[in-house]
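Presented below is the structure to which this report refers.
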Amino acid sequence: MKTIELANHFFQNLVSPYSRDIKSKIESDNLSLINAVSYSFVVSHFTDYLWECEKTRSRQTQRHEIIKCLDERFGLLGNRFKLGTFNFINALNNSVKHVGLDRAKRHNSNIQGHHGLLNIQVLNNKDGRIWFDNGINRFDYGRIILRHVSSLFSVSYEELPEDITMEILHGEYNFYCDNDEFDHDNPTQAIDILVDRLNPICLDCGMPEDGCDCDSFIFTDDIACFKPEDKGYMDYDKIMSAISGAYKLD
């Protein structure tokens, strides 16, 4: 079996279904430490498959360049993980696998210089949530990091192109979709649309405002707080007119 076929098999039969399972566990606050560590392991090793695919194309690509490529296309924005979301997962995975990180290596020194110490003890389970806490940074690792990645990779088998691995690597596959699931031209959905817009979820943790505790998180170079998800433009007058015939435009 060719390298690309092995990589596709790895994604379709492990990364994608496991992502759906992890996403469900995160959203129901049922994530265990072994779930978080094993999923980080799977995501990190998917990088190895992508790297092997590039080698077959006679490209002199380094592994860290593959990770950088993923971060540029699919990583979280902002200063919290400015060294890369996938880079952070990879470093944390290596710290678990190798009993800490070798600070003599520059990339390890850089990431620990920004995020602080990385090892298995910085991850702890509390009430079905996995917390990252090393005294410098403190946040919900499941909802902030793994929720983002599992949402990206939780596409179903039927939706995947044949060479999904190469399309991911070269930015030809778009994981992102319209986050507005309503039909604004359908008047029967007007009430649902209004309720949805008046009760946004947090862009970072996926929780509604009354359930979001991002203001308790601590990040290097950033202040954590509730950040409402932007679902784009809504024609308020159109929606209100559909809800009630008594509504009059100003």
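What follows draws every value from the coordinates through simple rules; no lab data is involved. This structure is a prediction, so every number in the text was calculated from the model and none was measured. We place every Cβ from the backbone using ideal geometry, glycine too, and count neighbours over all the protein chains shown.
Is the shape of region 3-169 rounded, prolate or oblate, going by the alpha carbon gyration tensor and its root eigenvalues a ≥ b ≥ c, with a/c under 1.5 for rounded and a/b larger than b/c for prolate? Walk me through the numbers before you get to the answer.
Working: a/c = 1.96, a/b = 1.20, b/c = 1.63.
Oblate is the answer for region 3-169, as a/c is 1.5 or above yet b/c matches or exceeds a/b.
Given points 7 Å out from each Cα along the Cα-Cβ axis, report the Arg63 to Asp222 separation in nanometres with one decimal.
It works out to 2.6 nm between the two label points.
How large is the charge dipole for region 3-169, taken about the Cα centre, if only the Cβ atoms of Lys, Arg (+1) and Asp, Glu (-1) carry charge, to the nearest 20 debye? Don't skip to the end; give the middle numbers.
Values: 20 positive and 19 negative charges, 161 e Å.
Roughly 780 debye for region 3-169.
Loop only by DSSP, 14 or fewer other Cβ within 10 Å of the Cβ. Give me the trypsin sites (Lys or Arg not before Pro) in region 44-78 that pass, ordered by residue number.
Numbers: sites: Lys55, Arg57, Arg59, Arg63, Lys68, Arg73; in loops: Arg57, Arg59.
Here the sparse-neighbourhood loop sites are Arg57, Arg59.
Once R0 is set to 45 Å, what does the formula 1/(1 + (r/R0)^6) return for the Cβ-Cβ distance between Glu229 and Asp48, expressed as a FRET efficiency to the nearest 0.05? Working shown, then result.
Working: r = 33 Å, r/R0 = 0.73.
After rounding to 0.05, the efficiency reads 0.85.
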